[in-house]
1. Checking Ala33 against (1) more than 11 Å from the chain's Cα centre (by Cα); (2) under 18 Å from Lys3 (Cα atoms), which single condition isn't satisfied?
2. Within the chain, which helices (runs of 4 or more DSSP H) (wholly inside it) include 3 or more residues that are at pLDDT 95 or above, in contact with a Pro (Cβ under 9 Å, 6 or more places away or on another chain) and of a type in the set (D, E, K, R)?
3. Going through the stretch 1-30 one residue at a time, which ones are farther than 15 Å from Ser53 by Cβ and either of a type outside the set (A, V, I, L, M, F, W, C) or within 9 Å of the chain's Cα centre (by Cα) (or both)?
4. Criterion first (surrounded by 11 or more Cβ atoms within 10 Å (Cβ to Cβ) and among the polar types (S, T, N, Q)) does Thr34 satisfy it?
Amino acid sequence: MNKKELRNLSVELLKEETFKLGQEKFKLEAQHATHQLTATHRLRAVRRLLARSLTILHENMGQKI
């Protein structure tokens, strides 16, 4: 997902997406720790996407308050 797609999501869908990205990051980190991860670039991409989605989520939550 890119920034535009993330910004168009509702808060609930953004929370779900953030949760899924967190799970994927955890799995990739576990694979990396056990030397089973072959596509190491995916870990970096997921980490950045997770940070991006959290930033947008916090921005949206701030507007709702």
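1. Result: Ala33 passes all but (2).
2. Counting at least 3 such residues, we get no helices (runs of 4 or more DSSP H) at all.
3. Within the stretch 1-30, Lys27, Glu29 qualify.
4. no
The values are calculated or read from the model by the stated rules, or taken from the named source; none is laboratory data. Worth saying up front: this structure is predicted, and the values here are computed from it rather than measured. A quick note on method: Cβ atoms are made from the backbone with ideal geometry, for glycine too, and the neighbour counts reach across all protein chains shown.
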